Amino acid sequence: MAKALVLNVAIDVITMNEALQQIKLFIAMRQPRLIATANAEMVMLAQSDKQLADILAAADMVLPDGAGVVWAARYTGQPMPERVAGYDLVQRLLAEAVVHGYRLYFFGGAPGVADKAKEVAQKRYPGVQVVGTRHGYFSAADEPAIIADIKAARPDILLVALGVPKQEKWLAAHLNELQVPVAIGVGGTFDVMAGLVPRAPVWMQKIGLEWLFRLLCQPSRFGRMLALPRFVLCVMSSKKG
Ligand code: UDP
């Protein structure tokens, strides 16, 4: 699979449909796989967090989740067909899960959020099998029980929403033990599905302004969103250099 390098993070050059095909193949192969959904914030974190950078380098897929990474790849002369947003990928996977009988497990978010997201999924995609949920606030002592619960549920797809980089690190540490064919770090996806956080209108997504919408809805994100202008500057100077 072709990769584009964005500030030394290798991102798959892939469309939404190709990503779905690949995930179906991973499920059929039944080896544990880690999928990350990369946006500008994640790429910036990976500059200073070597553990995250190594996890992304070893990941089975790193999807171009944000408008920023799509821009950066193209700006530096590398092809990138489209954005593959984690939230949209999850919706497509839920639809596929109904057709193919895939089992999903939702792990993460505040207490009640994964349950609400499951309810919404079952309404939107009747017949979908969400075989387990667990909120994302836990201590090290809780982990064996969480892992045992996920293993007992035997999901084909594990969605993990603990925020970046916690979800990637947790998955990298436990993926082999979990023996789940496809595990994806999905950030705020359950929050959006549960209706806690609205999704940006499509026209804003299309012109690459989803970040602005999220900032307006959740002003507390301001600090971490400073990563965006830093990302743009780093990409521009990396091209010159
Ligand atoms: N979260 C969690 N456990 C934690 C920290 C965060 O379950 O210890 C959840 C949080 O409730 C939210 C998600 O992780 O649902 C992170 O969402 P965010 O929008 O910050 O995702 P990101 O932008 O990091 O992908």
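At-a-glance table
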{"item": "Span per principal axis, largest first, for the Cα atoms of the range 1-107 (Å)", "result": "40, 28, 23"}
{"item": "Three-way shape call for the range 194-241 based on the alpha-carbon gyration tensor, with the a/c threshold at 1.5", "result": "oblate"}
{"item": "Expected-Rg normalisation [2.2 N^0.38 Å, Cα atoms] applied to the chain", "result": "0.97"}
{"item": "Residue-wise HN-Hα coupling along the range 102-107, computed from phi with Karplus coefficients 6.51, -1.76, 1.60 (Hz; x: Gly, Pro)", "result": "5, 9, 10, 10, 9, 10"}
{"item": "Residues with amide H under 5 Å from that of ALA36, placed H, sequence gap 5 or more", "result": "MET61, VAL62, LEU63"}
{"item": "Rotationally averaged projected area of the range 110-239 (alpha carbon convex hull; nm²)", "result": "10.2 nm²"}
{"item": "Mean residue ellipticity (222 nm) of the chain, computed from DSSP H runs ≥ 4 via -39,500 (n - 2.57), nearest 500", "result": "-15500 deg cm²/dmol"}
{"item": "Neighbour-count ranking [beta-carbon atoms within 10 angstrom, fewest first] of ARG221, ARG30", "result": "ARG30, ARG221"}
{"item": "Nearby aspartates and glutamates by direct alpha-carbon distance to LYS169 (threshold 12 angstrom, same-chain neighbours under 8 apart not counted)", "result": "ASP49, ASP54"}
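Since every read-out is calculated from the coordinates, none of them should be taken as a lab result. Quick caveat: nothing in here was measured; it's all calculated off a predicted structure. Cβ coordinates were reconstructed from backbone atoms using ideal geometry, including for glycine residues, and neighbour counts include every protein chain displayed.
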